[in-house]
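The values are calculated or read from the model by the stated rules, or taken from the named source; none is laboratory data. Owing to the predicted nature of the structure, the values given are computational and were not obtained by experimental measurement. Cβ atoms come from the backbone with ideal geometry, glycine included; neighbour counts cover every protein chain shown. Quick note on the areas: whole protein, heavy atoms, side chains included, nothing else; ligands and nucleic acids left out. Shrake-Rupley method; radii C 1.70, N 1.55, O 1.52, S 1.80 Å.
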Amino acid sequence: TSLERIPLFPTQAPNRVRVALDYERGQVAFFDAEKRSLIFAFPAASFKGQSVHPWFLVWGEGSRITLCP
């Protein structure tokens, strides 16, 4: 959607994050996978037939990310 950073301040950092993409509706949302609660949803966008590629930034000392199918 844009290169603007969107800071999030969860009360507790999630252990697992689920990413949901609805390409046809132009919706991307992030959920706490264990609590099944919404973390953030981008406003609807049009991908206009373009490929969508994930990009993640994990911030903080000792932070890490593992991608699971």
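Annotations
- Carbon/sulfur fraction of accessible area - the chain, other protein chains in place, 1.4 Å, %: 53 percent
- Net charge contributed by nearby residues that have their C-beta within less than 10 Å of PHE31 (K/R +1, D/E -1): +2
- Multiplying the residue separation of VAL58 and PHE9 by 0.36 nm and removing their Cα-Cα distance gives an extension gain of 16.3 nm.
- Accessible surface, 1.4 Å probe, highest first, among residues PHE9, PHE30, PHE56: PHE9, PHE56, PHE30
- Approximating the spin labels as points 7 Å out from Cα along Cα→Cβ, the VAL17-to-ALA29 distance works out to 1.6 nm.
- With protein chains left intact and a 1.4 Å probe, residues in the chain average 97 Å² of accessible area per residue.
- Whether the chain is rounded, prolate or oblate, judged on the alpha carbon gyration tensor where a/c under 1.5 counts as rounded: prolate
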